[in-house]
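The values are calculated or read from the model by the stated rules, or taken from the named source; none is laboratory data. This one's a predicted model, so the numbers in the text were calculated from it and none came from an experiment. FYI the Cβ positions are ideal-geometry reconstructions off the backbone, even for glycines, and counts take in every protein chain you see. Accessible surface is based on the protein model in full, side chains and every heavy atom, while ligands, DNA and RNA are left aside. Shrake-Rupley method; radii C 1.70, N 1.55, O 1.52, S 1.80 Å.
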Amino acid sequence: MRSIDDLLAQLDHDRVRSMTQELISIPSVNPFGQEPGVGLREQEVGLRYAELLTEVGCEVLVDEVSAGRPNVIGVLKGSRPGPTLLLTGHLDTVDVTDYDDPFTARIEDGRLYGRGSCDMKAALAAFVEVARVINEHDADFAGELMIAGIADEEDRMIGSVHWSEHGPVPDFAVVGEPTSLKVCPAHKGQYGAKFRTFGTAVHSSIRSEGVNAIEKMADLIAGFADYNDELDSRPAHPLCGNATFSIGTINGGEVMSTVPNFCEIEADRRMVPGETVDQVLAEYNDRLHAVAAADSEFRYELDGPTMSSAVLDTPLDHPIVTTVADETETVLGTPAIIEAFTGATDAPNFHCPAVIMGPGSIAQAHTLDEFVPLSELEAATKIYLRVALSLLS
Ligand SMILES: [Zn+2]
């Protein structure tokens, strides 16, 4: 049986680099509601990812979630029964408007640039290399190493939502989103909703005969003015802090000279572990009812979710957290930094204890100058291999 150091020495970091470059060169921009087509879907990169996983010995399933939008799942089976570790990332990227040459992955000053470099084709490439070393160098392991490329993380998460409904359920998961190699066992959830107010349209010269929906919306917004203070006054989650409420859009009215009969806002509620959607809706309805109680002309509608993603709250003493933290410390030579991930991810949809840990920084994801530091990519590849060998021992 090969030692861990022996196997680590087999990692081919040049291969990880060129695989990352190749995956970047296959556009997989999320369609964000447009009709999916070549370049604007995960199919092309997903099929290549399936080939890469097959080449390193995985049994591969391409699970088409919707037309041209696959989840790609590869499995390496160990020599004896044991747990299933999922290493996973999303296949899609954000858009490339105004991005200069987004799909030519160039290496400069120790960084690999291109759309999807840190978010998150580098991690996808690292996972393939972990499977290659384990398979080609006869690493003895128990259970299953499962590697998955997931569709549509950047928009509606149809890939991981599909997974949450159909399985499989792994025992633990590492999601390789860019964390600068910090270990993130928790993140907030998100609940989007629209609030609408209704009025009566009349010519603005006889405004008193109408009901102004924009003014009603102003009353509603005022009714939410102290909501963030209330959220801040609640006990903070140790990693995620406090919940937040933010109004992101407002629309209403048609022309200046007409009293508007309609106004709509969309609000983003970030939920902390322990909160439920029902609780958020109850808070929304309390505030709506308070405004309505003071104004018999207040007519409204609450519509949601327009966006919904779950919280992640993996216990800090769970082996997936302690193992990823320990192996990160071993590879980096400094104690792992454990904190919440700033955004929402696919992680809760796998229904297993999970951590987010990957190369590159969320600060570069979604920018017009996306990159992953090669040193972090190398370190992440080593960490993923060590985690797999440790948890599947
Ligand atoms: Zn991402």
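What does the highest-first list of 199-205, 57-63 look like by mean Cβ count within 10 Å? Don't skip to the end; give the middle numbers.
Numbers: 199-205: 14.6, 57-63: 16.7.
Top to bottom by mean Cβ count within 10 Å: 57-63, 199-205.
Would you work out which of Val130, Gly210, Cys118 lies farthest towards the positive end of the dipole of the chain, given +1 charges on the beta-carbon of Lys and Arg and -1 on that of Asp and Glu, about the Cα centre?
Toward the positive end, the furthest listed residue is Val130.
To the nearest 10 degrees, how steep is helix 319-332 against the longest Cα principal axis of the chain, on a 0 to 90 scale?
60
Hey, can you rank 262-275, 168-181 by average C-beta count inside 10 Å, highest first?
Values: 262-275: 19.9, 168-181: 22.9.
The densest-packed peptide leads the list: 168-181, 262-275.
Taking only C-alpha pairs under 8 Å that are 6+ residues apart, what is the relative contact order of region 14-92 in percent? Could the numbers behind the result be given before it?
Numbers: 90 pairs, mean separation 20.0, N = 79.
Once divided by the residue count of region 14-92, the mean separation gives 25 percent.
Round to the nearest 0.05 the FRET efficiency obtained for Asp226 and Leu302 when R0 = 22 Å and r is the Cβ-Cβ distance. Walk me through the numbers on the way to the answer.
On the way: r = 19 Å, r/R0 = 0.86.
Working from the Cβ atoms, E equals 0.70.
Taking N as the number of residues in region 189-309, what is its alpha-carbon radius of gyration divided by 2.2 N^0.38 Å? Can you show the working numbers first?
Details: Rg = 16.1 Å, N = 121, 2.2 N^0.38 = 13.6 Å.
Region 189-309 yields a ratio of 1.18.
So for each of 117-128, 368-379, 142-153 I average, over its residues, the number of other beta carbons within 10 Å; can you give me the resulting order with the highest mean first? List each step's numbers first, then the result.
On the way: 117-128: 29.9, 368-379: 20.0, 142-153: 26.4.
The peptides rank, most packed first, as 117-128, 142-153, 368-379.
Quick check on the chain: of the DSSP beta bridges with both residues there, what percent are antiparallel, nearest 5%?
Working: 51 of 69 bridges.
Rounded to the nearest five, the antiparallel share is 75 percent.
Which parts of region 340-371 would a label at Glu165 reach, counting a residue when its backbone N lies under 18 Å from a point 7 Å out along Cα-to-Cβ?
Answer for this model: 346-351.
For the chain, what is the accessible area per residue in Å² when the probe is 1.4 Å? All intermediate terms of the calculation are to be shown ahead of the outcome.
Values: 16380 Å² over 393 residues.
With the other protein chains kept in place, the chain gives 42 Å² per residue.
With a cut-off of 8 Å between alpha carbons and a minimum separation of six or more residues, what is the relative contact order of the chain in percent? Walk me through the intermediate numbers first.
On the way: 903 pairs, mean separation 92.5, N = 393.
Computed over the chain, the figure is 24 percent.
Can I get the semi-axes of the chain's equivalent ellipsoid? Compute them from the C-alpha gyration tensor as square roots of 5 times the eigenvalues, in angstrom, largest first.
Values: eigenvalues 404, 105, 63 Å².
The answer is 45, 23, 18 Å, longest axis first.
Any idea how far the Cα center of region 248-271 sits from the one of region 118-143, in Å?
49
I want to make sure I understand the PRE zone here: with the label point 7 angstrom from the Cα of His137 toward its beta carbon, which residues in region 363-393 have backbone N atoms less than 11 Å away?
382, 385-386
With unit charges on the beta carbon (Lys/Arg positive, Asp/Glu negative), name the residue among Leu220, His351, Ser180 whose Cα is farthest towards the positive pole of the charge dipole of the chain.
Farthest towards the positive end: His351.
Report the local net charge at Arg106: Lys and Arg +1, Asp and Glu -1, summed over other residues whose C-beta lies under 15 Å from its C-beta. Walk me through the intermediate numbers first.
Numbers: positive: Arg17, Arg111, Arg115, Lys121; negative: Glu22, Asp100, Asp101, Glu108, Asp109, Asp369, Glu370.
Combined, the nearby Lys, Arg, Asp and Glu give -3.
Once a ≥ b ≥ c are taken as the square roots of the eigenvalues of the Cα gyration tensor of region 1-124, is the result rounded (a/c under 1.5), prolate (a/b larger than b/c) or oblate (a/b not larger than b/c)?
Working: a/c = 2.75, a/b = 1.34, b/c = 2.06.
It is oblate, given that a/c is not under 1.5 and a/b is not larger than b/c.
Which distance in Å, rounded to a whole number, links the C-alpha centroids of region 154-200 and region 329-376?
For region 154-200 versus region 329-376, the Cα centre distance is 15 Å.
Once you place label points 7 Å from the Cα toward the Cβ at Ile4 and Thr276, how far apart are they in nm?
Taking the simple label geometry, Ile4 and Thr276 are separated by 4.1 nm.
Hey, got the dipole for the chain? About the Cα centre, +1 on K and R Cβ, -1 on D and E Cβ, debye to the nearest 20?
240
Go ahead and run the numbers for FRET between Val62 and Arg207, Cβ-Cβ distance against an R0 of 41 Å, rounding to 0.05. It would help to have the intermediate numbers written out before the result.
Numbers: r = 60 Å, r/R0 = 1.47.
E(calc), rounded to 0.05, equals 0.10.
What is the magnitude of the charge dipole of region 189-309 about its Cα centre, with +1 placed on the Cβ of each Lys and Arg, -1 on the Cβ of each Asp and Glu, and no other charges, expressed in debye to the nearest 20? Don't skip to the answer; put the middle values down first.
Numbers: 9 positive and 19 negative charges, 35 e Å.
For region 189-309, the charge dipole is close to 160 debye.
What distance in nm separates the simple spin-label points at His318 and Thr54, each placed 7 Å from Cα in the Cβ direction?
The answer from the label model is 3.4 nm.
Suppose every Lys and Arg Cβ carries +1 and every Asp and Glu Cβ carries -1, with no other charges. What dipole size does region 117-172 come out with about its Cα centre, to the nearest 20 debye?
Numbers: 3 positive and 12 negative charges, 17 e Å.
Dipole of region 117-172, to the nearest 20 debye: 80 debye.
Kindly express, to the nearest 10 degrees and within the range 0 to 90, the angle between helix 122-136's C-alpha long axis and the longest C-alpha principal axis of the chain.
Once rounded, one gets 30 degrees.
Can you give me the Cα centroid spacing of region 14-36 and region 210-232 in angstrom?
If you average the Cα positions of each part, the centres end up 43 Å apart.
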